[in-house]
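In what follows, a single structure is set out as structure tokens and then discussed.
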Amino acid sequence: MNQILRKINRFVNKIEIVLGKTRLFSYPRNVQIEPTNRCNQRCIMCPRNTKLDVPIGNMDFNTFKRILDKLPAVENLLLNGLGEPLLNKELPEMIAYASYKGIRVSINSNCALIDEPLAKKLVESGLHLLKISMDSADPKIYKAIRGASLEPTIKGIKTLVRTREEKRSFRPQLWFNSIIMRNNYKNLDEILILGDKLKIDLVRFKPINTLWSGQNNNSAIEKKDLEKEVERGIELGRSLNVKHNLGDLLERLKADIYQRPKENIPCYSPWTELYIQYYGGVRLCCEFYSKKDDIGNILEEDFKKIWNGKKIRQIRREFKRGNTYLSACRSCNRFQKNILLYNKIKKFRIYV
């Protein structure tokens with residue numbers, strides 16, 4: 001029944017996006033829920049360091065169930081927020097509950113906390129994807145970026161891979177999520193080699209929001225220098241078994257896809273997704289970090305009133321015009337995904 005509901009919801013949602021509806025019959029398809037905002041690392045690029053303005057806390061399992069049960073059409077669930085999700089001891093139960101409901105669940109983790117009992121729970125939970133934060137294979141660079149030792153992370157990954165093999169399971173899929181910045185862009189090849197050695201399923205490189213040095217940012221990189229390193233990584237990748245996205249990344253770099261378009265492009269996130277804090281605060285997406293960005297509280301209000309409330313309908317009206325006027329939108333690089341959808345919608349409108 002849930003799968004039929006999700007298919008109907010997806011169909012209606014796509015129509016509402018094309019028509020630019022601001023009051024929706026469809027529910028969010030992609031939801032991010034924060035199990036905790038506690039963290040065991042202090043990454044230099046993390047907004048948690050400067051923008052966390054709520055108390056440190058965890059979401060308990062019963063609260064998680066209450067929230068998820070109010071969202072009947074969720075297809076993809078990311079159990080993450082401004083913290084390390086594995087610090088919440090009830091995380092495996094949350095994953096199992098969502099998986100039982102037919103939801104594809106993923107988490108982002110540094111994996112430093114994984115031991116054999118936790119690895120077993122994660123493999124058995126139904127977790128679909130675990131994206132491992134791996135910004136360098138060099139212990140010194142890793143510590144400079146993440147403020148922590150690389151050794152526990154490597155140990156945790158090995159334990160999880162071994163457990164997955166023992167259980168003869170293909171889940172969870174294991175990805176390296178590598179943020180490219182000035183500190184590490186010359187070491188992409190080392191990350192690929194480590195991924196191959198640890199039997200990672202995919203190494204996914206993603207540039208930090210601000211890339212080019214002309215933008216006056218300490219993490220920025222000269223475009224030609226990054227292209228050179230990406231090409232070097234592609235060449236090395238031919239001799240390795242690990243999959244990666246460097247070919248796609250190079251195409252995007254050469255096409256200047258990481259440069260903001262001059263045309264005002266709509267953002268479609270308010271039609272398809274939500275980000276829910278451990279205390280129930282609802283935000284538009286993970287680019288919003290402050291409690292003042294909350295558009296409601298799902299534990300205190302009827303969700304339908306939040307999803308079609310005055311605040312979010314006003315945002316949809318502005319966003320569909322390409323007026324992404326909120327301060328968090330200025331540094332967001334999601335415009336790449338929005339460009340693709342915008343072009344599809346334009347073509348569709350030509351033929352109807």
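The values are calculated or read from the model by the stated rules, or taken from the named source; none is laboratory data. Computed from a predicted model, the values in this text were never measured in an experiment. Reconstructed Cβ throughout: ideal geometry from the backbone, glycine too, with neighbour counts over all protein chains shown. The protein model used for the area step is the full one, side chains on, heavy atoms only, and it has no ligands, DNA or RNA in it. Shrake-Rupley method; radii C 1.70, N 1.55, O 1.52, S 1.80 Å.
Assorted remarks:
- Segment 1-137, accessible surface, carbon-and-sulfur percent (1.4 angstrom probe): 54 percent
- In terms of its Cα atoms, segment 133-192 spans 39, 18, 14 Å along the principal axes, sorted from long to short.
- Electrostatic tally near residue 248: other residues with Cβ closer than 14 Å to its Cβ, Lys and Arg +1, Asp and Glu -1, net +3.
- Accessible area expressed per residue, segment 1-52, with surrounding protein chains retained (probe 1.4 Å, Å²): 57 Å²
- Diffusion of the chain by Stokes-Einstein, at 4 °C in a medium of 1.567 mPa s and with Rh set to the Kirkwood radius over alpha-carbon pairs, works out to 60 µm²/s.
- In the full protein context, segment 106-261 carries 50 Å² of accessible surface per residue, based on a 1.4 Å probe and ignoring ligands, DNA and RNA.
- Mean accessible surface per residue for segment 263-352, computed with a 1.4 Å probe while every protein chain stays in place, in Å²: 51 Å²
- Ranking of 8, 95 by solvent-accessible surface, largest first: 8, 95 (1.4 Å probe, protein heavy atoms only, all chains present).
- Working note: 222 nm ellipticity from helices only, DSSP H runs with n ≥ 4, each -39,500 (n - 2.57), summed and divided by the residues of the chain, gives -12000 deg cm²/dmol to the nearest 500.
- Amide H contacts for residue 173 (H built 1.01 Å from N in the peptide plane; partners 5 or more residues away or on another chain; cut-off under 5 Å): 129, 130.
- At q = 0.11, 0.15, 0.22 Å⁻¹, base-10 log of I(q)/I(0) for segment 6-123 (Debye sum, equal scatterers on each alpha carbon): -0.45, -0.77, -1.20
- The chain, relative contact order [Cα under 8 Å, separation at least 6], %: 17 percent
- Computed across segment 107-217, the Kirkwood radius stands at 14.5 Å (inverse of mean 1/r, all Cα pairs).
- Per-atom-type breakdown for segment 306-347 gives carbon and sulfur 53% of the accessible area (1.4 Å probe, protein chains only).
- Alpha-carbon Debye profile of segment 219-352, log10 I(q)/I(0) at 0.18 Å⁻¹: -1.04
- For segment 258-324, the spherically averaged projection of the C-alpha convex hull amounts to 5.1 nm².
- Accessible heavy-atom area order of 94, 45, highest first, probe of 1.4 Å: 45, 94
- Table column - 3J(HN,Hα) (Hz), segment 141-158, Karplus curve with 6.51, -1.76, 1.60, x for Gly and Pro: 5, 4, 5, 5, 7, 10, x, 8, 6, 6, 4, x, 5, 4, 4, x, 5, 4
- Between segment 123-158 and segment 54-96, the Cα center-to-center distance that results, in Å: 21 Å
- By accessible area with a 1.4 Å probe, ligands and nucleic acids excluded, highest first: order of 239, 149: 239, 149
- Residue pairs, from the table 120/292; 65/143; 158/206; 70/311; 51/305, whose Cα atoms sit over 29 Å apart: 120/292; 65/143
- Placing a label point 7 Å from the Cα of residue 104 along the Cα-to-Cβ line, the residues of segment 160-192 whose backbone N sits under 13 Å from it are 173.
- Anisotropy class of segment 74-155 from Cα gyration tensor, a/c 1.5 cut: prolate
- Net charge contributed by nearby residues that have their C-beta within less than 9 Å of residue 102 (K/R +1, D/E -1): +2
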